[in-house]
1. Report, by residue number, each residue of the range 184-218 that is exposed (fewer than 15 other Cβ atoms within 10 Å of the Cβ), under 19 Å from VAL158 (Cβ atoms) and at pLDDT 90 or above.
2. Please go through the range 93-123 and pick out each residue that is touching a Lys or Arg at 6+ places or on another chain (Cβ under 7 Å) and either crowded, with 19+ Cβ neighbours inside 10 Å or assigned to a loop (DSSP other than H, G, I, E, B) (or both).
3. Determine if the range 172-181 includes at least one residue that is among the aliphatic types (A, V, I, L, M), farther than 20 Å from PRO202 by Cβ and either out of contact with any Phe, Trp or Tyr (no Cβ under 8 Å at 6 or more places or on another chain) or surrounded by fewer than 24 Cβ atoms within 10 Å (Cβ to Cβ) (or both).
4. Those residues that are more than 18 Å from the chain's Cα centre (by Cα), under 18 Å from TYR187 (Cα atoms) and in contact (Cβ under 8 Å) with a residue 40 or more places away in the chain, I need them from the range 127-170; list them, please.
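The values are calculated or read from the model by the stated rules, or taken from the named source; none is laboratory data. Quantities reported herein were computed from a predicted structural model and do not represent experimental measurements. Ideal geometry is used to build each Cβ from the backbone, glycine not excepted, and the neighbour counts take in all protein chains shown.
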Amino acid sequence: MVTAAGPGGPLVSRAEGQRLARAELAKRIYHPTESLSQRISDWINRLLNSGGSGGPGGWWAIIALIALVIIVVAVVMHRIGPVARSRAAKTGPVLSGRQLSARDYREQAERLAAAGDFSGAIIESLRGIAVGLEERGVVPPRVGRTAVELAAEASESVPGQAAGLASAARLFDDVRYGERNGTAAGYQQLRDLDAALRLARPAAASQPLATTALGPPS
């Protein structure tokens, strides 16, 4: 028996320590593959069975080492495991398939919102914003542009709407690719942004077109 909470604390047996470690490592986050989890479990079993009292630091050193291993595995899984893959998958192009006009996308968004489909309304609203910006020349037409890329490019021409564009991009990705349910408030957020962008004057438009000594550009 060893103390797990200092002098006078509750006692934890070696068998109990093994059970707790196995239960913790049985969680799904530590299982990128079955073979890796089995190797980790076997290593901990060997460590516990070797007898912690004989090594430097005794049981406390073993507990600290197991905790460190768990933290390292969790960090690795967060960066390269299923968590990272699911996070990376939550993005994609704004426009796909047959492209409509900005007006068509806005009308379609209104119909979906009237029917209570706010997820669809949010998606169509951002598509309307994207096509509207392209139609006005605020951003050049580009196939495969993501919502985040759209927000970054448009913010260069309309910096006053940068925060709204970034927020709209996150909302679109959450609804379109992250399986988050849209709301009436989210749809209204994109409607307000669309209206503000239609009134905004792009920064480039305020600059006169440069000419050279050879005359106007061809």
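1. ASP192, ALA195, ALA196, ARG198, LEU199
2. Within the range 93-123, the first condition is being touching a Lys or Arg at 6+ places or on another chain (Cβ under 7 Å), and the residues that meet it are 93-95, 105, 123.
Once the filter is applied, which keeps residues that are touching a Lys or Arg at 6+ places or on another chain (Cβ under 7 Å) and either crowded, with 19+ Cβ neighbours inside 10 Å or assigned to a loop (DSSP other than H, G, I, E, B) (or both), the range 93-123 yields VAL94, LEU95, TYR105, ILE123.
3. Filtering the range 172-181 down to residues among the aliphatic types (A, V, I, L, M) leaves 175.
If we keep only those that are farther than 20 Å from PRO202 by Cβ too, we end up with 175.
Among the residues that remain, those that are also either out of contact with any Phe, Trp or Tyr (no Cβ under 8 Å at 6 or more places or on another chain) or surrounded by fewer than 24 Cβ atoms within 10 Å (Cβ to Cβ) (or both) are: 175.
Yes - at least one qualifying residue is present in the range 172-181.
4. GLY128, ILE129, GLY132
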